[in-house]
1. If you place +1 on the Cβ of every Lys and Arg and -1 on the Cβ of every Asp and Glu, how big does the dipole about the Cα centre of the chain come out, in debye to the nearest 20?
2. Under the classification rounded if a/c is under 1.5, otherwise prolate if a/b is larger than b/c and oblate if not, where does the stretch 65-112 fall, given a ≥ b ≥ c as square roots of the Cα gyration tensor eigenvalues?
3. Separation between the VAL66 and LYS114 pseudo-spin-labels, each 7 Å from Cα along Cα→Cβ, expressed in nm?
4. For CYS17, which sequence-distant residues (separation of 5 or more, or a different chain) have an amide H within less than 5 Å of its own amide H, given hydrogens modelled in the peptide plane?
5. Students often forget the sequence filter, so: which aspartates and glutamates lie under 16 Å Cα-Cα from LYS91 once same-chain residues fewer than 8 apart are removed?
6. Cut-off is 10 Å between beta-carbons; in what order do ARG49, ARG88, ARG38 appear when sorted fewest neighbours first?
7. Which of the following values of log10 I(q)/I(0) by the Debye sum over Cα atoms at q = 0.10, 0.21 Å⁻¹ was calculated from the structure shown: (1) -0.55, -1.31; (2) -0.36, -1.59; (3) -0.68, -1.22?
8. Place a +1 charge on the Cβ of each Lys and Arg in the stretch 22-62 and a -1 charge on the Cβ of each Asp and Glu, then give the dipole magnitude about the Cα centre in debye, rounded to the nearest 20.
Amino acid sequence: MVKKNEEKTNEKESEVCPKCGSALGEIQTTKTGKRFQRCSTGRWDPETRQAQGCPFIKWLQVEPQVLDEKCPKCGAPLVLTTTRFGKRMKKCSTNSWDPKTKTASGCDYVEWLKGTTEELDEVCPKCGEKLVLFTSAAGKRLKKCSTNKWNAEEHKAEGCDYTQWL
C-alpha cells in the first residue's frame, strides 16, 4: 500500500510546475517530433519569440518506433529513434545502453538517416541550372541549386549558393 501512495505522490509531483507550483498543461509535440509539457501559466509568444509567464518546460522521452524491417546482423526488428539533437537513426532493437556502467550491449547495428533529394522543373535564378528539393532527415525542406555541393576535404560549399527554405 505504501508503494501505491508513493506512486500517486510522484504522479502528482510530476504534474505540478517546480518553479511556480501551478499545474502543467497538455502534452505538445514540436515540428521535429519532440514532446513537452509547459507550465499552465506560461505560453510561447511567436511574435516576440519569448515565453510569457512561467518559462518552465518539461521535455518528455520520445519512444522509439518499431519498424517492419529486420536487422541485417542478427535478424531482430529495427527501431527508428531520434537523438537528443534531432538526428534520426535505425538501430537494432537488441541494442541498449547502461548509463551506470556507460557500456553498450546487444547488437551494434546502426544506420543514420540522411535527407532526400528530388529534382524540380524549375531553374535557378542565379545560374540557370535545375533546382532540387532537399528534405532533411528531421523533415526540414529547402529548394537549392543542383550545382551546390559540399566539399568534405575543404569543409566548405561549392557551386551556386542559391537556397530557399520552405
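Nothing in this text is a laboratory measurement; each read-out follows from the coordinates by a stated rule. Not measured: the values here are computed from a predicted model. We place every Cβ from the backbone using ideal geometry, glycine too, and count neighbours over all the protein chains shown.
1. With Lys and Arg at +1 and Asp and Glu at -1, about 480 debye.
2. Numbers: a/c = 2.26, a/b = 1.19, b/c = 1.90.
Judged from the Cα gyration tensor, the stretch 65-112 comes out oblate (a/c at least 1.5, b/c at or above a/b).
3. The answer from the label model is 3.1 nm.
4. SER22, ALA23, LEU24
5. In chain and number order, the partners are GLU63, ASP68, GLU69, ASP108, GLU111.
6. Numbers: ARG49 7, ARG88 18, ARG38 21.
So the residues, fewest neighbours to most, are ARG49, ARG88, ARG38.
7. Matching entry in (1) -0.55, -1.31; (2) -0.36, -1.59; (3) -0.68, -1.22: (3).
8. Details: 7 positive and 3 negative charges, 37 e Å.
In total the dipole reaches around 180 debye.
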